[in-house]
Every structure is written in structure tokens, then in C-alpha cells.
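Quick notes on the structure that follows.
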Amino acid sequence: MNRFFITTPIYYVNAKPHLGHAYTTIVADALARFHALCGEEVFFLTGTDEHGDKIAEAAAKAGQTPKEYADAISGLFSGLWPKLGITPTRFIRTTDADHVAAVKRALQLVYDQGDIYFGEYGGHYCKGCERFLTEKELVDGLCPDHKVKPDYIAEKNYFFRMSKYQGQLLEHIRANPDFIRPRQYRNEVVSLLESGALDDLCISRPKSRLTWGVELPFDDNFVTYVWFDALLNYLTAVGWPESPDFPAWWGAAEHLVAKDILKPHAVFWPTMLLAMGLPLYKRLNVHGYWLVRDTKMSKSLGNVVEPAEMAARAGLSGMRYFLLREMVFGADASFTDEAFVGRFNADLANDLGNLANRTLAMAAKYFGSVLPADTAGDCADEDLLQLADAAVANFMTLFAAAQFSRALDALWELVRGLNKYVDAMAPWTLFKEGRTDRLATVMRNVLGGLRTVAACLLPVMPEAASTLLSQLGQDPAAVNLRAVAKGFAPLPAGTQVALTSNLFPRLDVPAKDAAVPAPKAKAAKDAPKAKDKAPAAKPGPAAEVEYEDFAKLDLRLGTVLTVDPVPGADRLYCVAVDIGEETPRQVVAGLAEHFTPDELVGRQVTLVANLKPRKLRGVLSHGMILAVRHAGGLGLVTASVPVAPGDRVS
């Protein structure tokens, strides 16, 4: 039997869980369920990271010991996951006895072979990151993530010879293109390694300033750096080094992380494994950030989305579906009540929910909810069967590749096709005309299609999908997705189905966007004054063009991968955009006055893809990024929901 080992990061216990934590863990849960439904043996790992400076400081402020504080916050995580339908195989904590023992064993192993040495180092230490930052990493002297000036600390510590394994790691990534996905994150790591800028890693903290950590086995005056401790949880959970099952599980290991911890997982961790003489994990899956109205979630802005509240409002199934459908994996996504309610009502209430409800109601009216035998079908049925087989095949391929949004869109081709089939076949007319054999065929086809959709949705929203399967007279526990993918089949004659279904009642947008507060307004002193200049007059309408001329434009949505300044041009960026082609498009865009590179990377933009290439300031530009000027500056023209790179504007 094939195995699948999926991990989330172990979450730092300095704050309670938020939407970002929930998304990562729901994705891992969905992947675990998907592979289990494909007949594989699955291990799903999550947990909490409980050592380090920030935990000690937070505990002191709360008047607790670090262990008391960690117990309380860790309990919030472990208590939330069942409420979100998340069922890990193990919830690990870095304070667990078997993990502490594994950390000490790993440290001793690497130390004994000479890859840990004692030295003195002075550098910029960020408490938020709990690591030393290089001069290149600082932005205007500040940590780029926490926007604070790091403390300069000079002290003696132990160092891991990470740079020794730089070439070996780079060779592995080049030989295994799918080792880090999506591609933009692989490119980022390759660029770092090719630059030759990888330093050795400080892996200890002196007890003179930190005691809350795993003590070094070879020097009791120091504790272990939190990342060197935390990353080893992935080995602890599957029994390293004694368990005979360890090699089989480790050979199937896939990690799932957000982009802010790419470097520790793509560089620190593989080099640690190489030093320990262990194989590298199979794959690293990296996703973007959840924003709120295109703004990072922040307590000070009052826009943090609480996962439990979100699930309570729309139901667990609606929440899980929205998160997996709305975010294009790898890119950032923006949460708003309008987007949430719009997606729920369009996809679940209208498309799927209405289809299930009206089909079951017709089966009850026409056949007493027991499907009769039928006769041979016609060409319309063959078209539906072909559509179903294609939709399921695409769904299976894309979901396994962590392309959840595209996978669900592929499955919805079948949902939309079933609705069209019902309208075209008009069962009510067949019943009126007394064509019961043909009516039975149509009803069995539609209900068989619903069974297929429900089976595929089990990893995404197990609660609602199980209910729908039960309403269709099916046992959810008997589903095997490999069997489903072998080909569409109508619901068998004699099947008893439910009288009706009401899985997804429509939602309304809260009057004041109560679930997600908008960012706080600026202070009055920032308000425009009466004497301020009036905004410039808007331009008048342009000359009319023929439709044929407009149709020549190839407008596509793409994801920004990298942004670099154009030498000698203060207003220009050289932007690499993924539009689904083999290589990213290089576009020179006048965005530097309005956006920082970090504000653009990961954003979706609209590109004029068939614009004739030309050089701007000596740099070749192939396309144009569309933007709109407004009173506040410049905005990007993009889709209202995330879409796959390369999707055309129509």
C-alpha cells in the first residue's frame, strides 16, 4: 500500500490561531483525506512549537511559567481543529519527551561528525524572527517582516556548517523540479543558493539570556535555537531513529508551509537532513497569505478573521470550500464578506444545492424516491458521461498537485453540466408525456452525477459531502476515489434516495461587514482640507473602436513572481509574471512610484499578452500590466476572485 505523510508547520504558541493557521491545516487535512480515499495509508501531522525568546517573554507578561503558558495556547490549537473538521494522526508538541530526546540525539550526531563548531558572532538579532539577520536582509535598517530595528548582539555560540551543504542542496533542487512548488518559490530558493550567500547557522542561545529551550547535549550552558529544535518534529512523529516504519513514512513526506517560512524549510531543514545522513523529504508545498480587503491581518487594524466565527456563520463545509476554492495555491488571496457570501451562494447554494434539492424532489414526485430500471440512453447521455469522466480526471490530477482552486473549478464543470442536462432533458415534460423509461434514465444519470460530485468533495467538505451521499442512498465510508475516477455510472435501479435536500441555505452579506471589520479610518489630521486642490478632471471618452479591433487584444491574468528595479529608471520595475507559459513573461512597468516590490510579488495582474515586444531603458518588455489612476494614486486592474495564471479576460 502506498503511503502519504503530510505535515503542517508546528505553530508558534505566542498567539491564538487565526485564519492563516486554519487555512494551512485545512489544506493538510484535505490532502490527507484525499489520499486516504485513494486507498493510501496516511499520516497527518500538526502541532505546536513551544520554545524560544518570544514564549518566555509572553509567559512572563502573563505571570506564568513558559510551560504553563505553552499548555494554554497549545490547547487553543488542539481544541480548535475538531471544530473545523480537522483530524490529524498526531498533534505534536516540542515539549513532548520523545521530541526532546530526538532533538538531543540529532544534535549529538551532527556535533560528533564535526558539523557543529563553537565560535563568536556579532549580528543583528530580531526577536520576532528569533534569528540573526544579515545586512542584505535588512530594509532601511529594519527587519522586513516586523518593521523594527534588530538588536546588535555579539556573543559566543555554536554554529551548524550549513554552507557546507549548499552545493549538494542546489544540485538536488535542480535534479528534482517538483521538490518545491509552486515554481516561483523554487526559483527564489535556487537564486539564493546560486548567489553563494549561504552562511553557517547559529544553532544555540546562551542560558545567560534564555533558559526556555532544549539543552545542548554537549554543553549545558546553552539551549537549542528554536528552528533547529522545531524542524526535527517531522522526524520525531514517525519514529526516528528506532522505528522500523520510519524509512517508509519518511520517503513519502510532504511539507506544507506559508511563504514566510520558506527559507527555514527549503534551506535550513534540507541541509540539516544532509548533515544527519538522511534522505530529503519528497516535496515542499508553499502557499501565499490570506489578506483582508487586500490588507494584512492585524490586531491593531481590527481585521483579524476568527476561524471558529467564520465556520459558525456559514457552516463548516462552506468555510472549507471557500478557503480551498478562493485561493490560487501559491498566490495571496483576499477575504471579504462579499467574496465569501458570493462564492457560497453561487457555487454551493445555487449550483450544487439547488441541483440536489430539485433532483431529489423530482425523484420523490415521479418515482416515490425509489429509482426504477431504465432503457438505453441517447447521445445526450453519452455527452454527459464524457463530461463527467473528463471533470473527474482533471479534478484528481489537479487536487493531487495541490491546485485546489483549479481542481474544484474542474469539478464544477460537471455540476454546471448536470444543471444544463436537467434543463435540456426537462424531466417534468417527460413525466407529463408518460415517457417513464426515458425519465428514469435521466434521473439515474443526474443522481449518479451528484454521487460523483459528492464523492470528490469528501476531502474538501466531509460533513456536507457525507450528508449528500447518504441522501443519495450511498455509504460515505465505502467511497474510493480511484474507483470513482475509472468512469461515470448512473445511480443503480432500486436505490432509495431522500425526499429532498437543503444543504446550503443562501447567505446574506452582513449590513456592516461585522465579521471582518474594515481597517480603522485615518486620524482627522489626515483628512483633506477645504483649501486642498480639487482632483484633476477625469479624461473624456476615447474615440470609438470596432469590436474586431478590441478582439485582437489578448488580456490574461497572471501572478507576479519577481520585481526588480530597472537601472537608471526611478519609476520602472522589471516584473516577471506567470501567465501559464513555460517561462514567465518579462514586463517593464511604471509602478515603482506606487508599489514596493514586496507589495507586488504574489499579486494577480491583468496583462496585455500579445503586445509586440520592445525595449524600455535597454530592458526587453513583452506585454503591458494594466492599472488605473484614482485620487489616491494607482491601482492594479485584476479579477474580483483569484484565478489560474493564464486565464483570459472575456
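The values are calculated or read from the model by the stated rules, or taken from the named source; none is laboratory data. Predicted, not measured: the structure shown is a model, and the values here were computed from it. Cβ sites come from the backbone with ideal geometry, for glycine too, and all protein chains shown count toward neighbours. When the accessible area is computed, the model is the full protein with side chains, heavy atoms only, and any ligands, DNA or RNA have been set aside. Shrake-Rupley method; radii C 1.70, N 1.55, O 1.52, S 1.80 Å.
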Legend entry - Cα long-axis angle, helix 404-425 against the chain (0 to 90 degrees, to the nearest 10): 10
Legend entry - Extension reserve of the Glu433-Asp98 stretch, reckoned as 0.36 nm per residue once the Cα distance is removed: 113.5 nm
Legend entry - Amide H contacts under 5 Å for Thr48, placed H, 5+ residues apart: Tyr11, Ile92, Arg93, Thr94
Inset, instruction - Enumerate the whole-percent occupancy of each 10 Å bin, from 0 to the last occupied one, for all C-alpha pair distances of the chain. - result: 3, 13, 22, 24, 19, 12, 5, 2, 0, 0
Inset, instruction - Work out from phi, with θ = phi - 60° and the Karplus expression 6.51 cos²θ - 1.76 cosθ + 1.60, the ³J(HN,Hα) of each residue of the stretch 436-443, listed in order in whole Hz, and give x for Gly and Pro. - result: 5, 4, 5, 4, 4, 4, 4, 5
Inset, instruction - For Asp199 and Ala308, calculate 0.36 nm times their separation in residues minus their Cα-Cα distance, and state this gained length in nm to one decimal. - result: 35.1 nm
Legend entry - Cα-based shape type of the stretch 86-186, given that a ≥ b ≥ c are square roots of the gyration tensor eigenvalues and the cut on a/c is 1.5: rounded
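Ignoring ligands, DNA and RNA, please state the percent of accessible area on the stretch 58-111 from carbon and sulfur, probe 1.4 Å.
The C+S portion of the solvent-accessible surface of the stretch 58-111 is 58 percent.
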Legend entry - Size-normalised alpha-carbon gyration radius of the stretch 166-241, reference 2.2 N^0.38 Å: 1.44
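How do 12-22, 458-468, 78-88, 144-154 rank on mean C-beta neighbours within 10 Å, highest first?
Averaged packing, sorted descending, gives the order 458-468, 12-22, 78-88, 144-154.
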Legend entry - Other-chain or far-sequence residues with amide H under 5 Å of Thr562's (modelled H): Ala576
Legend entry - Label-point separation in nm, Ala364 to Asp140, each point 7 Å along Cα→Cβ: 6.3
Inset, instruction - Can you pull the one-decimal nm distance between simple spin-label points at Leu611 and Asp294, each 7 Å off the Cα toward Cβ? - result: 1.9
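Carbon and sulfur: what percent of the stretch 194-341's accessible surface (1.4 Å probe)? Mind dumping the intermediate values first?
On the way: 2230 of 4510 Å².
The computed percentage sits at 50.
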Legend entry - HN-Hα J in Hz across the stretch 347-356 - Karplus 6.51, -1.76, 1.60, θ = phi - 60°, x for Gly and Pro: 7, 8, 5, 7, 5, 7, x, 5, 4, 5
Inset, instruction - Could you check how much of the accessible area of the stretch 349-388 is carbon and sulfur, as a whole percent, using a 1.4 Å probe? - result: 52
Legend entry - Folded to 0 to 90 degrees: helix 316-326 orientation relative to the chain principal axis, Cα: 80
Inset, instruction - Note the angle between two axes, namely the Cα long axis of helix 462-471 and the longest principal axis of the Cα atoms of the chain, as a number of degrees from 0 to 90, rounded to the nearest 10. - result: 20
Legend entry - Sites Asp260 and Ala373, calculated FRET efficiency, Cβ-Cβ separation with R0 60 Å, nearest 0.05: 0.55
Inset, instruction - Just round it to a whole percent: the fraction of Cα-Cα distances in the stretch 296-441 exceeding 24 Å. - result: 47
Inset, instruction - Would you work out the relative contact order for the chain, in percent, from Cα pairs under 8 angstrom that are 6 or more residues apart? - result: 12
Legend entry - Cβ-Cβ FRET estimate between Ala346 and Arg183, R0 fixed at 22 Å, reported to 0.05: 0.15
Inset, instruction - Express in nm, to one decimal, how much length is gained between Asn354 and Glu242 on full extension, taking 0.36 nm for each residue of separation and deducting their alpha carbon distance. - result: 34.9 nm
Inset, instruction - Evaluate the distance, in nm, between pseudo-label points positioned 7 Å from the Cα of Ser78 and of Glu155 along their respective Cα→Cβ axes. - result: 3.0
Legend entry - In sequence order, calculated HN-Hα J values of the stretch 610-618 (Karplus, 6.51, -1.76, 1.60; Hz; x Gly/Pro): 10, 6, 4, x, 7, 8, 10, 6, x
Inset, instruction - Compute the accessible area per residue over the stretch 229-384, keeping the other protein chains in place, probe 1.4 Å, unit Å². - result: 31
Legend entry - Mean separation of Cα contacts under 8 Å (6+ apart) over length of the stretch 186-343, as relative contact order %: 16
